[in-house]
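For reference, the structure discussed in these notes is given below.
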Amino acid sequence: MPDEDIAAMGGPTPQGIPTPNPVKGEWNFDDGTLAATVGQDLHYLNDTVTNLYEFGTTGQGSFAAIPNINGKPAKVIHIPYTGGTDAQDPTAKLLGLKMIHGILPNGGGTKLNQWTMTSATNVTSTPSRFVKAG
């Protein structure tokens, strides 16, 4: 990086080096909740079905059959699959997670429409959803 680019960033601060697109949210499920590591906490799409979700660690307990990530146990959330192909399944419409991201609109519109999300998702022959965010 040229000296003038380094100087343009300013002096050292407790916030570190500024980036053009800093991470707005990160969720690791380390404490078995929807608490954020960075940004705001996730929320259930509908609180009436929270009993259907399950937090755990890969390779342990009811998650024993779920493979570790890069050989290491990972904290995960199980988002249930309610089965069937009925588009009108009332429970399926209640499942999901909401993210309050606070990112300004982009792409020329009034809503956020350009974004990146990374996750490790495990899909098996028995329909189910396991997500490791981060």
Which of the residues that make up segment 57-92 are under 19 Å from the mean Cα position of the chain (by Cα) and of a type outside the set (A, V, I, L, M)?
THR57, THR58, PHE63, PRO67, ASN68, ASN70, LYS72, PRO73, LYS75, HIS78, PRO80, TYR81
Return the only residue of ASP5, ASP31, ASP41 being among the charged types (D, E, K, R) and modelled with pLDDT under 70.
ASP5
Of the numbered conditions (1) surrounded by 10 or more Cβ atoms within 10 Å (Cβ to Cβ); (2) in a loop (DSSP other than H, G, I, E, B); (3) modelled with pLDDT under 75, THR13 fails exactly one; give the number of that condition.
(1)
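The values are calculated or read from the model by the stated rules, or taken from the named source; none is laboratory data. Keep in mind that this is a model prediction, so the values were computed, not measured. Because the Cβ atoms are built from the backbone with ideal geometry, glycine has one as well, and the counts that use them run over all protein chains shown.
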